[in-house]
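So the structure is just underneath, and the comments pick up after that.
The values are calculated or read from the model by the stated rules, or taken from the named source; none is laboratory data. Nothing here was measured: the structure is a model prediction, and the numbers come from that model. Every residue, glycine among them, receives a Cβ derived from its backbone with ideal geometry; neighbour counts consider all protein chains shown. In case anyone asks, the SASA skips ligands and DNA or RNA and just uses the protein heavy atoms, side chains included. Shrake-Rupley method; radii C 1.70, N 1.55, O 1.52, S 1.80 Å.
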Amino acid sequence: MTEEVLIKRLNSKNRRNLFEEADSVRRLYCGEEVHLRGLIEFSNYCSRNCLYCGLRRDNRKIVRYRMSFEEIFQSARFAVSKGIRTLVLQSGEEDGRSIKELCDIIEKIKKELGCAVTLSVGEKSPGEYLALKKAGTDRYLLKFETSDEKLFKKMKPDSSYSARLGCIDTLAKFGFQTGSGNIVGLPGQTPDIIAGDIQLMTDLSLDMISVTPFIPHPDTPLAMDPQGKMVLTLKTLALTRISALDAHMPATTAMRTIHSKGYEKALKCGANVIMPNFTPGKYKKHYSIYPGKICIKEDVEKSLEEIVSMLGDIGRTVASGYGHSLKGARFC
Ligand code: 5AD
Ligand code: SF4
């Protein structure tokens, strides 16, 4: 879709057709199965200072934690015992743990639990990415957050847009199933910037794409800015599904946080993944990238039951496989 068409559809009042089209594309390319990815937020230390994020370096109010090797492994084992086939290990950037220790954890999880492993630990050097790949990491998530270079520099003052895109390129070249995405509703973002995001998410041939609403965090410079709109986020998700076709796309916790039916709404306009949170209760309340994260209040076993029952209500099923990339034979 051209930028002009994308902007027109983002601004259009007739969203029913758009959502139905995205739902049909999702059905055709991904089927009715919904993949559950077990999220473990193993450290909230971060060396960066992104304006929108509660984990930013300058936030002195946050209680920092770093889960031990054993705690990470126990959380991983618990998730797998609940039927989870993919674990997503996430932290802030540069949490102080060595790549060697991260590799040891991944090797142990791969060997003893046999699940797929996704990492989301930020920008690293090519050598570090290679080590993580050799340790057995299957997938890697690195959101570009916004495709507008000026807005990127404003939102991520200590990162560089070109370096970030370079990392995404390196990850794909090293054979990681690669995920990226944007945030909808960042202050200063315009419809043409969102159209650019959709085009970039498509052009990168991503295996996984995340579209999520901005939620202002009180202890950041964006505390007083308005929250990203649910409908605009859903339109972005739907247009991305229609453009990118077969990428795995989550109904994000942020969508569920800003709307009680956020999961259902996202699953009905393109999403095919949910990420239940397996971070231990004593830590997950401190992984406050944004406030009010719904998973903090919920016990993961209870939320798994609710997810399964909600999926039944909307005619979808829990996937039984690993949910690897749908992009051909590359990862079989
Ligand atoms: N609102 C929405 N998403 C956020 N993230 C960080 N802070 C916020 C926020 N305030 C997202 C970013 C990052 C991911 C770990 O969390 O997209 O990549
Ligand atoms: Fe750190 Fe990521 Fe938050 Fe930026 S978005 S402050 S890199 S955890």
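Which of the residues spanning region 155-170 are open to solvent by less than 10 Å² (accessible area, probe 1.4 Å) and more than 16 Å from ligand 2 (Cβ to nearest atom)?
Residues satisfying the conditions do not exist here.
Looking at region 264-282 only, could you name the residues that are open to solvent by less than 30 Å² (accessible area, probe 1.4 Å) and free of Cβ contacts under 8 Å to residues at least 60 places away in the same chain?
Taking region 264-282 as the starting set, the residues that turn out to be open to solvent by less than 30 Å² (accessible area, probe 1.4 Å) are 266-267, 269-274, 276-279.
Matches in region 264-282: 266 only.
Give me the pairs, please: first residue somewhere in region 44-63 and within 15 Å of residue 93 (Cα to Cα), second residue anywhere and among the acidic types (Asp, Glu) and within 6 Å of ligand 2 (Cβ to nearest atom), beta-carbon distance under 8 Å, and either six or more positions apart or on two chains.
Correct list of pairs: 46/93; 47/93; 48/93.
Anything in region 221-249 that is within 16 Å of ligand 2 (Cβ to nearest atom) and either among the small types (Gly, Ala, Ser) or surrounded by 21 or more Cβ atoms within 10 Å (Cβ to Cβ) (or both)? List them, or say none.
So in region 221-249, the residues within 16 Å of ligand 2 (Cβ to nearest atom) come out as 221-223, 225, 228.
If the condition is that a residue be within 16 Å of ligand 2 (Cβ to nearest atom) and either among the small types (Gly, Ala, Ser) or surrounded by 21 or more Cβ atoms within 10 Å (Cβ to Cβ) (or both), then 223, 228 are the ones that fit.
If I ask for residues that are in contact (Cβ under 8 Å) with a residue 12 or more places away in the chain and surrounded by fewer than 21 Cβ atoms within 10 Å (Cβ to Cβ), which ones from region 253-263 would you list? Give the steps one after another, and end with the answer.
Taking region 253-263 as the starting set, the residues that turn out to be in contact (Cβ under 8 Å) with a residue 12 or more places away in the chain are 253-259, 262-263.
Those that are in contact (Cβ under 8 Å) with a residue 12 or more places away in the chain and surrounded by fewer than 21 Cβ atoms within 10 Å (Cβ to Cβ): 257, 259.
Kindly establish whether residue 34 is assigned to a strand (DSSP E or B), over 30 Å from residue 187 (Cα atoms) and in contact (Cβ under 8 Å) with a residue 12 or more places away in the chain.
Numbers: assigned to a strand (DSSP E or B): yes; over 30 Å from residue 187 (Cα atoms): yes; in contact (Cβ under 8 Å) with a residue 12 or more places away in the chain: yes.
Against the criterion (assigned to a strand (DSSP E or B), over 30 Å from residue 187 (Cα atoms) and in contact (Cβ under 8 Å) with a residue 12 or more places away in the chain), residue 34 qualifies.
Any chance region 215-224 includes a residue that's modelled with pLDDT of 95 or more, of a type outside the set (Val, Ile, Thr) and more than 12 Å from ligand 1 (Cβ to nearest atom)?
In the first step, residues of region 215-224 are kept if they are modelled with pLDDT of 95 or more; the result is 215-224.
Now drop any that are not of a type outside the set (Val, Ile, Thr), which leaves 216-219, 221-224.
Going one step further and asking which of them are more than 12 Å from ligand 1 (Cβ to nearest atom), we end up with 224.
Yes, region 215-224 contains at least one residue that is modelled with pLDDT of 95 or more, of a type outside the set (Val, Ile, Thr) and more than 12 Å from ligand 1 (Cβ to nearest atom).
Consider region 78-103. How many of its residues are exposed (fewer than 15 other Cβ atoms within 10 Å of the Cβ) and either part of a helix (DSSP H, G or I) or within 16 Å of ligand 1 (Cβ to nearest atom) (or both)?
Step one: list which residues in region 78-103 are exposed (fewer than 15 other Cβ atoms within 10 Å of the Cβ), which gives 81-83, 96, 98, 100-101.
Right, trim to either part of a helix (DSSP H, G or I) or within 16 Å of ligand 1 (Cβ to nearest atom) (or both) and you get 81, 100-101.
Residues that pass the stated criteria total 3.
Within region 120-141, can you find the residues that are within 21 Å of residue 160 (Cβ to Cβ) and either of a type in the set (Ser, Thr, Tyr) or within 16 Å of ligand 1 (Cβ to nearest atom) (or both)?
Across region 120-141, the qualifying residues are 120, 121, 122, 123, 124, 125, 129, 140, 141.
Considering region 176-204 alone, what residues qualify as being part of a loop (DSSP other than H, G, I, E, B), open to solvent by less than 10 Å² (accessible area, probe 1.4 Å) and either more than 10 Å from ligand 1 (Cβ to nearest atom) or among the hydroxyl-bearing types (Ser, Thr, Tyr) (or both)? Give the derivation first.
Applying the first criterion (part of a loop (DSSP other than H, G, I, E, B)) to region 176-204 yields 176, 185-190, 204.
Right, trim to open to solvent by less than 10 Å² (accessible area, probe 1.4 Å) and you get 176, 186.
Result: 176, single match.
Under 22 Å from residue 285 (Cα atoms), more than 16 Å from ligand 1 (Cβ to nearest atom) and surrounded by 23 or more Cβ atoms within 10 Å (Cβ to Cβ), is that true of residue 22?
Numbers: under 22 Å from residue 285 (Cα atoms): no; more than 16 Å from ligand 1 (Cβ to nearest atom): yes; surrounded by 23 or more Cβ atoms within 10 Å (Cβ to Cβ): yes.
The answer is no for residue 22.
Which residues, counting only those in region 4-44, are under 22 Å from residue 212 (Cβ atoms) and either within 16 Å of ligand 2 (Cβ to nearest atom) or polar (S, T, N, Q) (or both)?
Once the filter is applied, which keeps residues that are under 22 Å from residue 212 (Cβ atoms) and either within 16 Å of ligand 2 (Cβ to nearest atom) or polar (S, T, N, Q) (or both), region 4-44 yields 11, 12, 39, 40, 41, 42, 43, 44.
Mind checking which helices (runs of 4 or more DSSP H) fall wholly inside region 205-313 and carry at least 2 residues that are charged (D, E, K, R) and at negative phi? I'd like the intermediate steps shown before the answer.
Details: elements: 230-244, 253-258, 262-267, 281-284, 294-297, 300-313.
Per the criteria, 230-244, 262-267, 281-284, 300-313.
Just one of 56, 16, 9 is in a helix (DSSP H, G or I), open to solvent by 10 Å² or more (accessible area, probe 1.4 Å) and within 22 Å of residue 144 (Cβ to Cβ); which is it?
Numbers: 56 fails: in a helix (DSSP H, G or I); 16 fails: within 22 Å of residue 144 (Cβ to Cβ).
Answer to the check: 9.
Would you point out which residue out of 73, 152 is touching a Lys or Arg at 6+ places or on another chain (Cβ under 7 Å), among the hydrophobic types (A, V, I, L, M, F, W, C), outside any strand (DSSP E or B) and open to solvent by less than 30 Å² (accessible area, probe 1.4 Å)?
Answer to the selection: 73.
Only one residue in 81, 68 is within 27 Å of residue 267 (Cα to Cα), more than 16 Å from ligand 2 (Cβ to nearest atom) and of a type in the set (S, T, N, Q). Which one?
Numbers: 68 fails: within 27 Å of residue 267 (Cα to Cα).
Every option except 81 fails the conditions.
Look through region 109-145, keep the residues that are assigned to a helix (DSSP H, G or I) and touching a residue at least 40 places away in the same chain (Cβ under 8 Å), and return whichever of them is surrounded by the most Cβ atoms within 10 Å (Cβ to Cβ). Quick ask: steps written out before the conclusion?
Just the residues of region 109-145 that are assigned to a helix (DSSP H, G or I), to begin with: 109-113, 126-134.
With the extra rule that they be touching a residue at least 40 places away in the same chain (Cβ under 8 Å), the set shrinks to 126, 129-130, 133.
Details: 126: 13, 129: 22, 130: 15, 133: 18.
For region 109-145, the residue satisfying everything is 129.
What single numbered condition from (1) away from ligand 1 (no atom under 16 Å from the Cβ); (2) crowded, with 17+ Cβ neighbours inside 10 Å; (3) under 20 Å from the mean Cα position of the chain (by Cα) fails to hold for residue 67?
(3)
Please verify whether residue 215 is within 15 Å of ligand 2 (Cβ to nearest atom), more than 22 Å from residue 6 (Cα to Cα) and surrounded by 19 or more Cβ atoms within 10 Å (Cβ to Cβ), treating the condition exactly as stated. Explain how you work it out, then say what you get.
Details: within 15 Å of ligand 2 (Cβ to nearest atom): yes; more than 22 Å from residue 6 (Cα to Cα): yes; surrounded by 19 or more Cβ atoms within 10 Å (Cβ to Cβ): yes.
Here the answer is yes, as residue 215 does meet what is asked.
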